[in-house]
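The values are calculated or read from the model by the stated rules, or taken from the named source; none is laboratory data. Bear in mind that the values here come from a model prediction, so they are computed numbers and not experimental data. A quick note on method: Cβ atoms are made from the backbone with ideal geometry, for glycine too, and the neighbour counts reach across all protein chains shown.
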Amino acid sequence: MAQVVVVTSGKGGVGKTTSTAALGAALAQGGENVVVVDFDVGLRNLDLVMGAERRVVFDLVNVVQGDAKLAQALIRDKRLENLSLLPASQTRDKDALTPEGVERIVSELREKFDWILCDSPAGIERGATMAMRHADMAVVVTNAEVSSVRDSDRIIGLLDSKTLRAEQGLRMPKHLLLTRYDLARAARGEMLKVEDVLEILSIPLLGIIPESQDVLRASNLGAPVTLASPASAPARAYAEAAKRLKGEQIQVTMPAAEPRGLFGKLFGRRAVA
Amino acid sequence: MNLLALFRKRDSAPVARERLQVLLAHERAVVGGSDLIAILQEEILAVIAKHIAVDRDKVQIKLDRGDPVSTLEIDVEVPSLVRAASTARRVPEAAARR
Ligand SMILES: Nc1ncnc2c1ncn2[C@@H]1O[C@H](COP(=O)(O)OP(=O)(O)OP(=O)(O)O)[C@@H](O)[C@H]1O
Ligand SMILES: [Mg+2]
C-alpha cells in the first residue's frame, strides 16, 4: 500500500527540500516507486535540487485546477526511471491549492506510486497544513538549535490535530530527522545534544545528517546527494534513514567527522581564528 | 587525492551558475507574458483534432529549456491507423503520414 510522507519543519531553511530529494532518491535507488511532490507553491525549489528545472511544463496547481492531467505534470527523473517529480507552481500563490483538488491528486498518486513524499513549505499556514493533510506519516526535519526545535514542536502539534489521520482519531507516526548537524560545533558543545532534542520532542530518530559540502555540491549539480555522491557521509546517512522509513531496524550511527585535506585544515583554522 | 578532490568539488559552482542563467532567462520571459507552452498545446491539439479524434489523456508534452535552443516534444497517441484512416478519409495525406 502506498505511503504518503510529509517532510515538514515549521522553521525555514532547515533542509526539508534537500531531505525530500535525498530520501526520495534513496528509496528509488532501493527499488521503490517514488514521487516527490513540491508543495511550496510560489517558491518552488525541489525542481532545482532534482535537476529537472528545465523540463517543467505543468505543475501541481495546473493539475488541481484541471488545466492538465496528472500524467502530463509528472516529470520522470533522468537517472532513475522509478523516481518522479510533481513540481509546484512558481507564479501562483498557495491559495490556488484547494483541499478537494489536493485530495484528488493524492489519491491518484496513491494508485501509481509506493511512496509519495510531500515537501512542505516553511511556516504553519495553509501551505504547510495542505502538505501534511493526507500524510500517513511525517518526517520532522530539525536542526540542533533552539528555534528549530521549538518550531518542530509546533509542527508536531499540528500533525496531531490538523491532519486527516488526527481527525479520524488515528495516530500520526512521526520521525525526527536531525539535519545540518555540525560535528565541529557539536564537539565544542555549541549545539544541542542529540539526546536533548530527542527528549524534548520525544519522537523516534530517523537519522542524523551531517552538515557537509557534498550537499551544496549536489544541489549545484542538480542531483539528490544520494545520487551525486553516494559514498559521502550525508548520502549514507540519508540512505540509512530511507531504510528506517521502510521499517528496517538499523542502529542510528553518529556521523564521523569528515577527514580533512591540507587545505581543509588551513581554512578550518582560519575560520575559527 | 585530497588536492584532486578539492579541485573536483570546485567544479560544481560553474554548473550551478549556468543552470540558473538558463532557468532565470526563461522564468523572466514568462512573467508578464503569456504561457507559450499552454497556447502551443491548445493550438497544436486543435489542428490535430480537426483530422482525428484525440484523447486528451493520451497527450504527453515534454519540454527542455535550453540555451540557445529549447525543445518542445508533443506526443499524441493516435487511436489506430486503420480507423484513423477511415474516419479521416477526407484528408488522406494526414492519415498517411501518421
Ligand atoms: N546537510 C547539509 N549540509 C550542508 N548544507 C545543507 C545541508 N542540508 C541543507 N543544506 C543547505 O541548507 C539550505 C536550506 O536547505 P533546504 O532548501 O533543503 O531547506 P528547506 O527547509 O527546504 O528551506 P525552506 O524552508 O526555505 O523551504 C540549502 O542551501 C541547502 O543546500
Ligand atoms: Mg524547501
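Here are a few things to note about the model shown:
- Residue identified as within 16 Å of ligand 1 (Cβ to nearest atom) and small (Gly, Ala, Ser) among A:21, A:96: A:21
- Among the candidates A:190, A:211, A:167, residue that is charged (D, E, K, R) and surrounded by 19 or more Cβ atoms within 10 Å (Cβ to Cβ): A:211
- Within region A:191-224, considering residues that are farther than 19 Å from residue A:151 by Cα and touching an Asp or Glu at 6+ places or on another chain (Cβ under 8 Å), the one nearest to ligand 2 (Cβ to nearest atom): A:222
- Scan of region A:1-57 for residues that are charged (D, E, K, R) and more than 10 Å from ligand 2 (Cβ to nearest atom), ordered by number: A:11, A:32, A:47, A:53, A:54, A:55
- Meets criteria (more than 16 Å from ligand 2 (Cβ to nearest atom), of a type in the set (Asp, Glu) and either touching a Cys at 6+ places or on another chain (Cβ under 8 Å) or within 25 Å of residue A:227 (Cα to Cα) (or both)) for residue A:81: yes
- Each residue in region A:85-118 was checked for being exposed (fewer than 14 other Cβ atoms within 10 Å of the Cβ), modelled with pLDDT of 95 or more and among the β-branched types (Val, Ile, Thr), and 0 pass.
- Among the residues listed as A:197, A:215, the single one being closer than 30 Å to residue A:56 by Cα and either in contact (Cβ under 8 Å) with a residue 60 or more places away in the chain or over 16 Å from the mean Cα position of the chain (by Cα) (or both): A:215
This table checks each residue for (1) touching a Lys or Arg at 6+ places or on another chain (Cβ under 9 Å); (2) among the basic types (Lys, Arg); (3) within 15 Å of ligand 1 (Cβ to nearest atom).
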site	(1), (2), (3)
A:180	no, yes, yes
A:188	no, yes, no
A:204	yes, no, no
A:233	no, no, yes
A:238	no, no, yes
